[in-house]
1. Specify which of the listed residues (VAL324, VAL319) is in contact (Cβ under 8 Å) with a residue 24 or more places away in the chain, assigned to a strand (DSSP E or B) and more than 23 Å from GLN263 (Cα to Cα).
2. Restricting attention to the stretch 348-378, which residues are surrounded by fewer than 24 Cβ atoms within 10 Å (Cβ to Cβ) and β-branched (Val, Ile, Thr)?
3. Among the listed residues VAL109, VAL103, VAL176, which satisfies the condition of being over 24 Å from LEU345 (Cβ atoms) and surrounded by 19 or more Cβ atoms within 10 Å (Cβ to Cβ)?
4. Being under 20 Å from THR354 (Cβ atoms), in contact (Cβ under 8 Å) with a residue 12 or more places away in the chain and not hydrophobic (A, V, I, L, M, F, W, C) is the filter here, so list the residues in the stretch 327-339 that pass it.
5. What are the residue pairs meeting all of these: first residue in the stretch 231-247, first residue within 16 Å of VAL290 (Cβ to Cβ), second residue part of a loop (DSSP other than H, G, I, E, B), Cβ atoms under 6 Å, and 6 or more apart or on different chains?
6. Having 3 or more residues that are at pLDDT 95 or above and closer than 29 Å to LEU184 by Cβ is the bar; report the helices (runs of 4 or more DSSP H) wholly within the stretch 38-149 that clear it.
7. Could you tell me whether the stretch 151-164 includes any residue that is open to solvent by 50 Å² or more (accessible area, probe 1.4 Å), at pLDDT below 95 and either among the β-branched types (Val, Ile, Thr) or not in a loop (DSSP other than H, G, I, E, B) (or both)?
8. Output the residues belonging to the stretch 260-277 that are among the small types (Gly, Ala, Ser) and either touching a helix residue (DSSP H, G or I) at 6+ places or on another chain (Cβ under 7 Å) or closer than 17 Å to ILE222 by Cβ (or both).
Amino acid sequence: MSSIAKSVLRSVKHGRAAWPRTGSAHSGKRRFHRLVLGIETSCDDTGAAVVDEAGCVLGEALHCQKEVHLQSGGIIPVVAQQLHRENIDRVVQEALSASGVSVAELAAVATTVKPGLALSLGVGLHYSRGLVSRHQTPFIPIHHMEAHALTIRLTHPLEFPFLVLLISGGHCLLAVAQGVSDFLLLGQSIDIAPGDMLDKVARRLSLRKHPECHSMAGGQAIEHLAQSGNQERLTFRLPMRQYRNCDFSFSGLQNIVNNAIVQKEKEEGIQEGEILSCVKDVAAAVQHAVAVHIIQRTYRAMLFCIKNSILPSKNATLVVSGGVASNQYIRKVLQNLADANDFALLCPPPRLCTDNGVMIAWNGIERLRAGLGVLHSIAGVRYEPRAPLGIDISKRVEEDSIKVPKLKEIRWLAS
């Protein structure tokens, strides 16, 4: 383990770690429905929840590592792994206690096994393997992105098919959900995810030193400062405009932003690490550029799905989930896009957009009801750090070469 990782873990052991969140509801209904325990450890949050077949969350717990990783400026996988190990049993027991049920009463245990950080995924799988072996409980391996996509069916009575945009710190993709475990992948990020880019820009701007943002994660700090910034004072060239597909690229945009920051620092005569006087304008312009890039690709996905009768021409639905879906500006932009194309826009509540045990348990319920991937032996299950979602038809999207309205109109939707 590196010296940085050891230092961070020492600070955790001295009481500066994030704290767990627990809750329970509808416990009186638990005896009438099958129950699934969901366990989530794909990245830096340890989550567990018990959900029943009716969609009632009987108990949940979450240990968030945000404060720890803020100290080091980013997620250190070995630190995330150690914190998962230290907290997973307590988190699971808190969720079970809040639900008022025992492991013996569960119909299955569902655990994220792909994709994610290898060291983090391994902790969840190892713990689950011991749990189901001791109690002879069926096991349901969960695809993290499938769980995000289907969370909306926990909170809304939504039927298949629907268009899904998943935007987070680790993922960015567009897909059509045709059924439980039945997805058509239209496009995805070819490099980094939008949340990752926003975090890196926030670090480059040294936003932890800003008096309004010292306790905020990077993306949250960008959104906060952007509210009082002027996005029109800077304009960033958008990536991939020449490619008529639904793929995303955020690393190129990040480089453009970094170059602009360097130029502004020269103009103001300050060094890297000091706060720009125009930092709020930079935040607003960055957030706007990310939003425009997202709606440009999502617009093409809508047009492709309608043209090829993958989605109904009327009453189609766009579902947006993942941590970046909590950004209210990006949500507003996507609402404008949906309204302009006669799509309904649905988003899970913010607390279910980020990683949590509830979405894993609900995905387990969906699979249990459909009879998909319910295992009675966990021996052959392995975690997969990289794992595609569904059938990749992105080449077909590119072959259709669908034009989207001119960038000026796209920017109007984001205004």
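The values are calculated or read from the model by the stated rules, or taken from the named source; none is laboratory data. Everything quoted here is computed from the prediction, not taken from an experiment. Note that each Cβ is placed from the backbone with ideal geometry, even for glycine, and that neighbours are counted across all protein chains shown. Ligands, DNA and RNA are excluded from the accessible area calculation, which covers all protein heavy atoms including side chains. Shrake-Rupley method; radii C 1.70, N 1.55, O 1.52, S 1.80 Å.
1. Going through VAL324, VAL319 in turn, the sole match is VAL319.
2. Result: VAL374, ILE378.
3. Working: VAL103 fails: surrounded by 19 or more Cβ atoms within 10 Å (Cβ to Cβ); VAL176 fails: over 24 Å from LEU345 (Cβ atoms).
Matching residue, one of VAL109, VAL103, VAL176: VAL109.
4. Answer for the stretch 327-339, where residues must be under 20 Å from THR354 (Cβ atoms), in contact (Cβ under 8 Å) with a residue 12 or more places away in the chain and not hydrophobic (A, V, I, L, M, F, W, C): ASN327, GLN328, TYR329, ARG331.
5. Final answer for the pair search is PRO239/SER249; MET240/SER249; ASP247/ILE190.
6. Counting at least 3 such residues, we get 118-135.
7. Within the stretch 151-164 (the criterion being open to solvent by 50 Å² or more (accessible area, probe 1.4 Å), at pLDDT below 95 and either among the β-branched types (Val, Ile, Thr) or not in a loop (DSSP other than H, G, I, E, B) (or both)), the answer is no, since none of the residues qualifies.
8. Initially, the stretch 260-277 is screened for residues among the small types (Gly, Ala, Ser), giving 260, 269, 273, 277.
Hits for the stretch 260-277 are ALA260, SER277.
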